[in-house]
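What follows is calculated from the coordinates using simple rules that are stated; it is not laboratory data. The shown structure was predicted, so the numbers you read here are calculated from the model rather than taken from an experiment. Ideal geometry is used to build each Cβ from the backbone, glycine not excepted, and the neighbour counts take in all protein chains shown.
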Amino acid sequence: MSKVVLDDPLWPHFEPLWKDLLLTEAKALQVAGGYGLFLKQRFLIENRDVPIVIPLERWRDNRPRATKDLDLVLSLDLIGTPERHQNILKALEKNDFQVSEKPSGKRWQFVKLLKHDRLVLVELHAPLPEDGNPQIVADRQRVKHKPSLGEAGIHGRTNPEAAGCDLFPFRFSLGGIQATVVNPVTWSVMKLTAMHDRWTGSQDSEANEETRSFAQQQAIKHAQDVCRVIASMTRDESDTASAVCDALRERPAFRIAVTIWNDAFVNDRIPAVLSAKVNWLPEDFEVIQSVGSRWFL
């Protein structure tokens, strides 16, 4: 039995769902978020011969961060094809995931109820579509098929930071399946934006102390994830990173990430990064800074 199964409480729910999704949509889905990082780190732990930016034995905190949420990024081609919506829905329903009852999450958020009021959450994300695609429409909350497919369709949560997710994804074998995660540049843009949003929330004087404290801890978590994304970059990913940057350079989300990176990782204006910094040897954190600064010029 794979060690991943033993150490990962989400694996028994992810593995059969992912297998069913792979039957039809292997090239249209990627795992992102904390769980994607978890899977990639587990792969690297089991394959220590794969060279990465900062070897795992140098990480001060090399324990994979488990999560109960599963973030999947959908390709826009998938959203634009009605038949492929059914593939996703069938796989989710077969594995006991139901559409969330939250109005804001309808059709892009799916919930699997477990014992003792526990749950597993799947969120479907999509990059913002370019103008001119007549089969896709987007607003601030969701990217969906046009015309609406109603209950026969799915949505992607609008995620402008996921731009470039289809470029050079990283595929690896783990626990008998082929997993796919987002390229490190796009992943860093997503995590930088999440860190900034959470840190901004932690400074909201109108929020109560508990809310601000939670937002601050989440900001630190995302800052650490930015470091993990860069530190775990493989040689092949490093070779293609500049091409991803060139493709995204003029995208608004990337330009915002450039500002966030410089505020947080260069000019120390976002203290969440200083809290994450203690998890790295000084010379290794300098390497992380150097790599990110080449991307976010």
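Brief remarks follow.
- Taking a point 7 Å out from the Cα of Gln86 in the direction of its Cβ, the residues of the range 134-168 whose backbone N falls within less than 12 Å of it are 152-153.
- Contact order for the chain, expressed relative to its length and based on alpha carbon pairs under 8 Å spaced 6+ residues apart, stands at 18 percent.
- Paramagnetic label zone (point 7 Å from Cα along Cα-to-C-beta, Lys94; backbone N under 19 Å) in the range 149-169: 152-154
- At least 24 Å along the helix axis (C-alpha) and Kyte average at least -1.0, DSSP helices within the chain: 184-202, 209-231
- Highest average packing first - 42-48, 145-151, 213-219, Cβ atoms within 10 Å: 213-219, 42-48, 145-151
- Taking the Cα centre of the chain as origin and assigning +1 to Lys and Arg Cβ atoms and -1 to Asp and Glu Cβ atoms, the resulting dipole is close to 360 debye.
- Taking a ≥ b ≥ c as the square roots of the eigenvalues of the Cα gyration tensor, the range 128-269 is classed as oblate, since a/c reaches at least 1.5 and a/b does not exceed b/c.
- Taking a ≥ b ≥ c as the square roots of the eigenvalues of the Cα gyration tensor, the range 3-162 is classed as prolate, since a/c reaches at least 1.5 and a/b is larger than b/c.
- Projecting the Cα atoms of His116, Asn159, Pro55 onto the dipole axis of the chain, where Lys and Arg carry +1 and Asp and Glu carry -1 at the beta carbon, places His116 farthest toward the positive end.
- Dipole of the range 197-297, positive end: most advanced residue of Ala243, Ile270, Ser290 [Cβ charges, Cα centre]: Ala243
- Prolate/oblate/rounded call for the range 94-185, Cα gyration tensor, a/c under 1.5 rounded: oblate
- Extension gain, Val50-Thr24: 0.36 nm per intervening residue step, less the Cα-Cα distance, totals 6.4 nm.
- Structure-based [θ]222 nm, the chain - -39500 (n - 2.57) summed over DSSP H runs of at least 4, per residue, nearest 500: -14500 deg cm²/dmol
- For Leu74, the residues whose amide H sits under 5 Å from its own are His125, Ala126, ignoring neighbours fewer than 5 places away on the same chain, with H placed 1.01 Å from N.
- Each peptide in 129-142, 263-276 receives the mean, over its residues, of other Cβ atoms within 10 Å, and ordering these scores from highest gives 263-276, 129-142.
- Under 5 Å, built H, 5+ apart or other chain: amide partners of Ile136: Lys146
- Each label was represented as a point 7 Å from its Cα along the Cα-to-Cβ direction; for Gln178 and Asp197 these points are 3.2 nm apart.
- Extension gain for Thr259 to Leu119 (0.36 nm times residue separation, less C-alpha to C-alpha distance): 46.8 nm.
- Remark: for residue pairs Lys68/Lys90; Lys90/Lys191; Lys68/Lys102; Lys27/Lys94; Lys40/Lys106; Lys144/Lys221, the C-alpha separation exceeds 25 Å in Lys90/Lys191; Lys40/Lys106; Lys144/Lys221.
- FRET efficiency for the Ser293 to Gln217 pair, using the beta carbon distance and R₀ = 30 Å, is estimated at 0.70.
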